[in-house]
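Peer 1: One structure, as structure tokens, below. Some questions next.
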Amino acid sequence: MSAPGSTGSPGGPGGTGAAAPPAAAAAAADRALRRHLDAEATAALAEALAARAGQPPLADPVQPAEGADAGQPTDTWAAALRTATRRSVATALADSLAPPPAPPTPQPPQYTLTEWVEHIYANTFIRRLGQTQRWCASWWAHAEAIVRLEALWRTWEAAAASDNGAATAEWLRIYLDPLNGPLLGPDGPFSSCTPERHSESEPMWVTAPPAGYWREPED
């Protein structure tokens, strides 16, 4: 009970000041915390940029709260949250400012095209030659054969260097099987060749289009 003649507690009815409503106090605390966190993030950004430029970090812009003892530790949840935020921001900035990793060095091919045809293709994918399948020992004299065999060689090299255990199976299905049939077929580049002789393939005849046939694109 108050002594006679008292005017009440400072924050109560009749006192010299009124206590802030709970919602207003929470909003003020939230604004104060956000200001501190913004200052911590600014400091982390300045330190990361200074480290990137090889300069000493800037001073911490966060100041102790008014009336607080600067020599006393601020072991509160707000201080811990600010410290954790600052560290996470600094880590993210350091990762974003780090140079990208160097791309892996491509492996040189194991064979040249000629070596691959002689040692891999001709000794692995053997076919019974006759009317339905043709081959020419002078494969290098047929332009279409060079294109198809080079495509097989390059994709085989990529499959051989891959860490994917299914790479060879995919090479057989996607590249060898579709390309090998037209290469060795009776209408392919070796259609006129026999095991005893090479036959030059005659190019297909063409005629030049008349002048102005191809419409030039408009600007």
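The values are calculated or read from the model by the stated rules, or taken from the named source; none is laboratory data. The model shown is predicted, which means the values in this text are computed figures rather than measured ones. Using ideal geometry, Cβ is built from the backbone for each residue, glycine included, and neighbour counts are taken over all protein chains shown.
Peer 1: List the pairs whose first member sits in region 110-132 and is among the basic types (Lys, Arg), whose second member is assigned to a helix (DSSP H, G or I), and whose Cβ atoms are under 7 Å apart, counting only residues at least 6 apart or on separate chains?
Peer 2: ARG127/LEU184
Peer 1: Across region 140-150, what is the total count of residues that are in contact with a Pro (Cβ under 8 Å, 6 or more places away or on another chain) and assigned to a helix (DSSP H, G or I)?
Peer 2: 4
Peer 1: Go through region 103-134 and give me each residue that's within 35 Å of the chain's Cα centre (by Cα), surrounded by 13 or more Cβ atoms within 10 Å (Cβ to Cβ) and part of a loop (DSSP other than H, G, I, E, B).
Peer 2: Passing the criteria: PRO109, GLN110, TYR111.
Peer 1: Just to check your reading of the model, which residue among ALA145, ALA151, ALA167, ALA159 is assigned by TED's automatic domain parsing to the domain that holds VAL117, touching a helix residue (DSSP H, G or I) at 6+ places or on another chain (Cβ under 7 Å) and farther than 15 Å from TYR121 by Cβ?
Peer 2: From the options ALA145, ALA151, ALA167, ALA159, the qualifying one is ALA167.
Peer 1: Filter region 121-134 down to the residues that are within 19 Å of SER192 (Cβ to Cβ) and of a type in the set (S, T, N, Q) and list them by number.
Peer 2: Within region 121-134, GLN131, THR132, GLN133 qualify.
Peer 1: Could I ask something else about it? Of the residues ALA160, ALA137, only one is among the small types (Gly, Ala, Ser) and either in a helix (DSSP H, G or I) or over 30 Å from SER192 (Cα atoms) (or both); which?
Peer 2: ALA160
Peer 1: Condition (residue is surrounded by fewer than 17 Cβ atoms within 10 Å (Cβ to Cβ), polar (S, T, N, Q) and outside any helix (DSSP H, G or I)) applied to region 167-179: is it met by at least one residue?
Peer 2: no
Peer 1: Identify all residues within region 186-212 that are over 14 Å from LEU129 (Cβ atoms), surrounded by fewer than 13 Cβ atoms within 10 Å (Cβ to Cβ) and not β-branched (Val, Ile, Thr); write none if there are none.
Peer 2: Within region 186-212, ASP187, GLU200, GLU202, PRO203, MET204, TRP205, ALA208, PRO209, PRO210, ALA211, GLY212 meet the criteria.
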